[in-house]
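Quick note: the coordinates plus some simple rules give every number you see, no bench work behind them. Predicted, not measured: the structure shown is a model, and the values here were computed from it. As a convention, Cβ positions derive from the backbone with ideal geometry for all residues, glycine included, and neighbour counts pool all protein chains shown.
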Amino acid sequence: MKSRGRYSAWVLTALVLLTTASCTGISVMSDYDRDYDFTRSRTYSWVSGADADSADVLAENPLVTRRVRSAVDRELAARGFRDAGRSTPDLLLVAHGYVTLKTAVRYVTHDPFYYGYTYRGRFFRYRPLLAPFYEMPVTESWREGRLIVDMIDERRKELVWRGSASGALKDYRTGEAMQKDIDIAVSKIFSDFPSTQTDARQAQGN
């Protein structure tokens, strides 16, 4: 049962990166330390949390983790950041993924008109009838995924930026299809990143 549970977690991880599978779309949020100078921090290294939460589905799935990291790498490269390699980085990066079962109740309006039989004299008649108006509650369930990317100042060991995306999940048949949605989600996460394209070009020219 344990191995089957881990396989289920792998499948769910493949869903973490969020396109619309129901009426719910992608929601993104980011926040950062306003006193931190991102123009001075230009190198980074990926790290894995040693004390990773057991609910973190990325912790057990290196294939999906690599897809997330490659998408983040592209976004950072476009902003003038680079992998530190063997040098001491300015920033440490950590990615987390979570899946939560969500439910909601919506009300469907019942059409008051329907066709039925009425009896009049010796004859049955099939004709439109009017029923009482009412709304029927319908419960919907879906899996919601959340991707979190953290930036930690290497020297102070303090969180300086966090971006997240969340939304309904869908099934994937290929890794390429999943990568496309990962790229979209990560791009949205970094859309409000404090470092601008102008900063990146200046950093690359120095």
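At a glance:
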| item | result |
| --- | --- |
| FRET E, pair ASP37, SER141, Förster distance 35 Å, beta-carbon r, rounded to 0.05 | 0.20 |
| Sites ALA177 and VAL105, calculated FRET efficiency, Cβ-Cβ separation with R0 25 Å, nearest 0.05 | 0.20 |
| Most to least packed among 173-185, 30-42 [average Cβ atoms within 10 Å] | 173-185, 30-42 |
